[in-house]
Structures are given as structure tokens and as C-alpha cells.
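Working notes, structure below.
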Amino acid sequence: MSEQDQLILALIEHLRKKLLLIPHSNDIDTPNDDECTKKLIENRYKLIHTMCQTAKVMDYLESNGVIPRSICSRILHEYRVPEDRNRALLDFLFSRATNAFRPLIEALYLSGNEHLVQLLDEKFLLSNVRQQIDAEYRFPTAVGLHVSLPTSVEDEKLRNFNNNIESLESQISLFNLNDVEITKFDDEVQMGFEVQLLTSDLLEQYPQLDPMQRSNKCYRMLRRPRGQCLLINNVDAFKTMEIRQGSDIDASKLKSLYEQLGFVVVVRRNLIHKEMVNVIKNFADLIEEQKETCDCAVIIILSHGGNGTIYAVDELALDVDEQIISVFDDHLIGKPKLFILQACRGSQCNYRSESSTRLWSTDSIINETNIDSGSHVITKVPKRSDMAIWYSTLKDYVSWRLPDEGSVFIQSLITVFARTAWHYDLVTMVQCVNRTMKEKFAAHESTPFQTPCFEYHLDYPLYFNPGCFDQN
């Protein structure tokens, strides 16, 4: 047995002994029904709009008999937006008053919502109940706590080990963090998903992820709101092109993803050519006006496309380079601008055999005569500076979409971001999406292939730091 294993076992035994000394009586006076209701009403807005990890909160409440499993399932499946889910949960808890208040405090604490715990019961964080919960549910974060050590000779080694706890915790954290790199993303997140936030618990466990302490220079991503996101979703108002079934699923999940990442999301649906041009230009002007308070901009377009073009619903094409990307040259200088384009870039199909099924839908259109090109411009900084452009497929190839599930690229992107944005930078998440899509298509011999294309013009790593905001 290694020295590290011996240390971990010694710590576990020590904590077990300490638990025997902790009084298990409830040392917190539970308020009456009126007081509970009053506190929940006073803090209703913050509970609805800032509570994260709602599924974990409900799991704890269910395990304590506060909320039936049927209610949990209904809330998870009927409400897609996190705020709506939080609102439904609070409405149910109002009917339980005192019986639900104490378990709710404990659930909020365990799920990383300590700011809400402080609002509802400021004494909880100093109570023995919190210590019991730490010991039972949060051993990894309890490793670094300062505890009084036994004085027996038998525990002399443990006293010496305690001097190395901080360094051991760092080693364990790094080991666990590396494990995440082999995460599989086969099971896509469903409607109503929650982004894993970079909570205080995680920062304590993985201090190297602290945005203020990163050793390498990165883009600043700490403002509230983080930035602006434009989402254009062209679905079913085309003249002759097919309806893009499944695109509304993509748009709904993307809106939820970037709102949870801290962005203000503007959604526009079924735009004609003139409207798309104006909306894109106005959005570029907006982020330039807000450049002092905007850390990042995201531009997402879901539509039919061709070689270097994306179509409006009146089937006039916008030139991707001149009428979309170049519009943002000299805008938000020095800050990252991410483009996500879900559209075909040609009509070629990457089938693996002649017998491949064609039950998939594409975002391709063969007729590319209606192209309205832009003009040349002079810029203050090199073109494409601080930009990342993410195409759903390679040049000249189609992009696949499932009518009942959405596009393979967008669903893979959302799943990877929701689960790993708390510790991965953009480039690493791009690699995860590439690997995920390759595995998805390789799993079934009858399906075609699709390879995303990523253009990287950023000067520094881009971390989204979900849940972390500059208090100033």
C-alpha cells in the first residue's frame, strides 16, 4: 500500500472518530410555518433566478421524503428552462412550509448554493448540522478542514501527515481532474438540462481552476452578464427548401446553454435576407457599444447552406465571410467572438458504402445562384482577430440533422459544454465534440459520416467559467 493510500485511510479513520464526538441533535431552531413562508417569499426572486443544480436539490429532498418522485419527474420533464423548473419546485415547497424548510437549506448547501443558504438561514453554516452533512456527503472537501488531532502516541503519524494534507489534496484533485478527460458523451443531455457550474466546492477541490489564479494568460470571462449571444433559427418559412425539422430543439437547448453560461441570448426565427443582414449588423453595433462591459460575443446561425453561403427563408443567400463574419471585424477588439454555424457547406455526402441509409435530413441546397456578396473593407486590426469559427461540417459537405432529435453537431456541442465547460477551455471542448461525433457515426454502419470544422484565431485560451462572476 502506497504512502498516499495510507494517508487517506488514516484520514478516514480520524474523521470517523471525530464523528463520534459530534452531537447529533438538531442544534438549529426550526422557524414556524409563517417564518418559513416569509423567508421563501422574500427570497423568491433570487431562488428562482440564481439557484443552480436543481436536480440535485430535488434528489436530496426526495431522499428525505419531502417531495415524491412523481413530482420530481414531472418538474424535470415538463419544464425545460431552469428558472421555470425552480419556480415549480418552490410552488410545491410552499405547501410543505416547515417540513420542507430545513431539508431545503441542506439541499441548497450540498448543491453549491451557499449564497442562498446565507439568505435563508445565516446560522446554518456555523452549525453542527452542517458539520454532520460535510462528514456524510462531502468528504473530499472536508480533507482540508482544520481539526484538532488526537494526542495519543498511536496517532502521532497522523499529526505528521496533517502537514502534507494540502499538497495531497492538490495531487488528488489533479488526478481526479485528469480522469474527466476520458469522459464519454454518448448520452446527450435532455431538455431541461443543467450546466455544471464552477462552484465554490469545485474551486476548493480544484484550486487550479480558479479564474483569478490561472497560471497561463486567458481571456477575461467573469462579468455578469458574461456577454451577448445572437441565435438565428431559420426553420419552416422557406419557399421551396425543406422544413428543417429538429432545429427548434437545437435552438431551445442552445438558448438554455448560453443563458446558463451567463450570456444574454437574443433569438430570432425565420428571417428573410434583409432581416438577417440588419439583425447581424445591429448585433455587431450592440456589442461594440457594450464593449466595456462585455467579455465575449457568440453568434449562432441554424439554417440551410451551401459552399460559403447561408440561406434566409426567402432563399436568398448571405455570404458567410463578407456578410456575417467580416461584419464583426473591428468590433469588440481584444475580446473573443465565437461563431457557430449549423448549415451544409455543399452537397457531397460522406457515406461509407453504397448501401448507407438516407433517412437523415440535411441542410443543403444545390441551387446557389442567389448570392449577394459584400464589399471589401479596411480594418484596424487583422481580419478574424480574436475569432473562433465553428462549422458543423467540412467545406463542400452536407450537415446531418435528425427530425426528432436535432442536429448531431449541435446536440454533441451542447452535451460537451454542459458537462465540461467548468474545467475545459474551448479548444479542448472542440476536441471532445470531434471525438464524440466520430464515435456516434462509427457506432452504426448504416449511418453517414460528418466532421466539424473549427477555425481558431484566438490569442489566448478561452474558459467560460460558468457560475463564476467578478463581485466588483
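The values are calculated or read from the model by the stated rules, or taken from the named source; none is laboratory data. Computed from a predicted model, the values in this text were never measured in an experiment. Methodologically, a virtual Cβ is constructed for each residue, glycine included, from the backbone with ideal geometry; neighbour enumeration extends over all protein chains shown. The accessibility values were calculated without ligands, DNA or RNA, using every heavy atom of the protein model including side chains. Shrake-Rupley method; radii C 1.70, N 1.55, O 1.52, S 1.80 Å.
With equal scatterers on the alpha carbons only and no solvent term, can you work out the Debye log10 of I(q)/I(0) for segment 237-280 at 0.22, 0.26, 0.32 1/Å?
Listed by q, the Debye log ratios stand at -0.90, -1.01, -1.08.
Which value, in Å², gives the accessible area per residue of segment 33-135 when a 1.4 Å probe is used on the protein heavy atoms?
48 Å²
Give me the percent of accessible area attributable to carbon and sulfur for segment 33-135, probe 1.4 angstrom.
48 percent
Of Lys255/Lys291; Lys281/Lys337; Lys217/Lys253; Lys274/Lys335, which pairs sit farther than 26 Å apart, going by alpha carbon to alpha carbon? Mind dumping the intermediate values first?
Details: Lys255/Lys291 22 Å; Lys281/Lys337 14 Å; Lys217/Lys253 31 Å; Lys274/Lys335 28 Å.
The answer is Lys217/Lys253; Lys274/Lys335.
Would you check the accessible area of Glu122, probe 1.4 Å, heavy atoms only, in square angstrom rounded to 10?
For Glu122, solvent-accessible area is about 120 Å².
Just the accessible area for Ser63, please: 1.4 Å probe, Å², rounded to the nearest 10?
Approximately 90 Å² for this residue.
Given contacts defined as C-alpha pairs under 8 Å and at least six residues apart, what's the relative contact order of segment 67-130, whole-number percent?
Taking the mean separation of contacting Cα pairs over the length of segment 67-130, I get 16 percent.
In what order, largest first, do Arg214, Arg268 sit by accessible area if the probe radius is 1.4 Å?
Arg268, Arg214
Can you compute the FRET efficiency between Phe469 and Asn216 using 1/(1 + (r/R0)^6), with r the Cβ-Cβ distance and R0 = 22 Å? Round to the nearest 0.05.
So, using R0 = 22 Å, E works out to roughly 0.55.
In a shell of Cβ-Cβ distance under 9 Å around Asp386, excluding Asp386 itself, what net charge do Lys and Arg (+1) and Asp and Glu (-1) give?
Summing Lys/Arg as +1 and Asp/Glu as -1 gives +2.
Could you give log10 I(q)/I(0) at q = 0.16 Å⁻¹ for segment 33-135, computed by the Debye formula over C-alpha point scatterers of equal weight, without solvent?
-0.64
Quick one: ranking Ile71, Ile300, Ile272 by accessible area, 1.4 Å probe, largest first, what do you get?
Ile272, Ile71, Ile300
Leaving out ligands, DNA and RNA but keeping every protein chain, what accessible area does Thr293 have, in Å² rounded to the nearest 10, with a 1.4 Å probe?
The value for Thr293 is about 90 Å².
Treat each spin label as a single point 7 Å out from the Cα along the C-beta direction, and report the Ser127 to Ser347 distance in nm.
Roughly 6.9 nm, to one decimal.
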